[in-house]
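The values are calculated or read from the model by the stated rules, or taken from the named source; none is laboratory data. None of the values given here were measured: they were computed from a predicted structure. Quick reminder, even Gly has a Cβ in these numbers, built from the backbone with ideal geometry, and neighbours come from all protein chains shown. Remember, those area values only see protein heavy atoms, side chains included, never the ligands or the DNA or RNA. Shrake-Rupley method; radii C 1.70, N 1.55, O 1.52, S 1.80 Å.
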Amino acid sequence: MLNTDTAQVQSVGRAMSILEMLADRPGELGVTQLGRELGVTKATASRLVSTLAGHGLVEQNPATDKYRLGFGLVRLAGAAGAGLDLVRQARPVLQDLAERTEETVKLAVLDGDLAVNIDQIAAPRLVVNVDWVGKRTPLHCTSNGEVLLGGLPDDERDRLLREPLERLTRATIVDADLLRAQLLEASVRGYATTLEELEVGLNAVAAPVHGADGDVLAAVSVAGPAYRVTPARMPELGARVRQGGEEVSRRMGYVERA
């Protein structure tokens, strides 16, 4: 008997096999053929393709009841391409920023209601490195999250700030009005700061990356232990991270307008 985790992994593998079969074969495939090639029952194959169809990754031809690849894959491919291009363009800037600040530098984008780190350059002097790539963090208590939150349309930002804000440390800002004031201050000076709001002993500063359309595309942040990334050091780090964000923005096609 398979445990739940093993069964879920097996289902994901079979779903990926269906996508690969549909990509490799011309035309469309029916549930019976998919089940036979996967070595599963027709009912299992039907559940798998129905799940994929629900996410737009495959679609059923109503005339034949057979399946083909869906346009949801185009959206995913476009998002992946844009993300990879962002990482490529930002990487040399992140490396330079890490060398100049001697702290860990991260690149984050919005993922639903959270920030997700998509690249990181570790501080040169770190002995033990915490890998933040792929980790999702709240918007209200991280510097890169505040940058992304500040870049949202007003109605979307208001929706998020109407939700209860989780307190992760004693320094976490959980008052929506106070957080709005902090976002406004960050917008004026060009960078956001957090002091032990996500984790005790961790401070950070972040600046926006703008896409060619002017929207906030990502956030570049510098983070380190509170004894090194001190409040007194924030203006210097803020200026550097703001310049880094501006350079990545230029590389992504953003032209600042007067």
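How large is ³J(HN,Hα), in whole Hz, for each residue of segment 26-35 in order, when computed from phi with the Karplus curve 6.51 cos²θ - 1.76 cosθ + 1.60 and θ = phi - 60°, using x for Gly and Pro?
With the stated coefficients, segment 26-35 comes to x, x, 10, 10, x, 5, 4, 5, 4, x Hz.
Determine the dipole magnitude for segment 146-258: charges of +1 sit on the beta-carbon of Lys and Arg, -1 on that of Asp and Glu, nothing else is charged, the reference point is the Cα centre, and the result goes in debye to the nearest 20.
440
Tilt of helix 72-101 relative to the longest C-alpha principal axis of the chain, in degrees (0 to 90, nearest 10)?
Helix 72-101 sits roughly 30 degrees off the main axis of the chain.
Springs between alpha-carbon atoms under 10 Å, Gaussian network over the chain: tell me which of Leu148, Leu139, Leu184 tops the mean-square fluctuations.
Comparing Leu148, Leu139, Leu184 in a Gaussian network model of the chain, the most mobile one is Leu184.
Can you give the net charge of the other residues whose Cβ lies under 11 Å from the Cβ of Arg100, counting K and R as +1 and D and E as -1?
Summing Lys and Arg as +1 and Asp and Glu as -1 gives -4.
Suppose all protein chains stay in the model; what accessible area per residue would a 1.4 Å probe give for the chain, in Å²?
55
Using only Cα atoms, find the angle between the long axis of helix 234-251 and the longest principal axis of the chain, and express it within 0 to 90 degrees, rounded to the nearest 10.
Tilt of helix 234-251: around 40 degrees.
How much of the accessible area of segment 166-233, probe 1.4 Å, is carbon plus sulfur, in whole percent?
55
Cα to Cα, under 17 Å, and not fewer than 8 places away if on the same chain: which lysines meet these conditions relative to Lys66?
Lys42
Given a Förster radius of 25 Å and the C-beta distance between Asp96 and Leu184 as r, what FRET efficiency does 1/(1 + (r/R0)^6) yield to the nearest 0.05?
Efficiency, from the Cβ-Cβ distance: 0.25.
Once every DSSP H run of n ≥ 4 in the chain is given -39500 (n - 2.57) and the sum is divided by its residues, what mean residue ellipticity at 222 nm do you get, rounded to the nearest 500 deg cm²/dmol?
When only DSSP H runs of four or more count, the value is -15500 deg cm²/dmol.
Could you please state, rounded to a whole Å, how far the C-alpha centre of segment 83-103 is from the C-alpha centre of segment 138-217?
Here the two parts' Cα centres lie 21 Å apart.
So if each residue of separation counts as 0.36 nm, and I subtract the Cα-Cα distance between Gln33 and Ala239, what length gain in nm does that give?
Working it through step by step, the gained length comes to 68.1 nm.
GNM on the chain, C-alpha springs below 10 Å: top fluctuator among Gly201, Gly244, Gly56?
Looking only at Gly201, Gly244, Gly56, the largest GNM fluctuation is found for Gly56.
Full-extension gain between Thr230 and Val174, please, as 0.36 nm times their residue separation minus the C-alpha to C-alpha distance.
17.9 nm
What order, most packed first, do the peptides 217-224, 174-181 have when packing is the mean number of other Cβ atoms within 10 Å of each residue?
Final packing ranking: 217-224, 174-181.
Can you give the charge dipole size of the chain about its Cα centre, rounded to the nearest 20 debye, using +1 on the beta carbon of Lys and Arg and -1 on the beta carbon of Asp and Glu?
Dipole size: approximately 520 debye.
For Val174, what is the net charge nearby, where nearby means another residue's Cβ is under 15 Å from its Cβ and Lys, Arg count +1, Asp, Glu -1?
With Lys, Arg at +1 and Asp, Glu at -1, the neighbours total -3.
Using r as the Cβ-Cβ distance of Val87 and Asp155, and R0 as 35 Å, what FRET efficiency do you calculate, to the nearest 0.05?
Between Val87 and Asp155 the formula returns 0.75.
Taking the Cβ-Cβ separation of Val200 and Val9 as r and a Förster radius of 41 Å, what is the calculated FRET efficiency to the nearest 0.05?
0.70
How long are the semi-axes of the equivalent ellipsoid of segment 171-258, defined as square roots of 5 times the Cα gyration tensor eigenvalues? Whole Å, largest first.
Equivalent ellipsoid semi-axes, largest first: 24, 16, 10 Å.
How long are the three semi-axes of the equivalent ellipsoid for segment 103-258, computed from the Cα gyration tensor as the root of 5 times each eigenvalue, in whole Å, largest first?
21, 20, 15
Which residue, Gly72, Gly134, Gly13, tops the fluctuation ranking in a GNM of the chain built on C-alpha contacts under 10 Å?
Gly13
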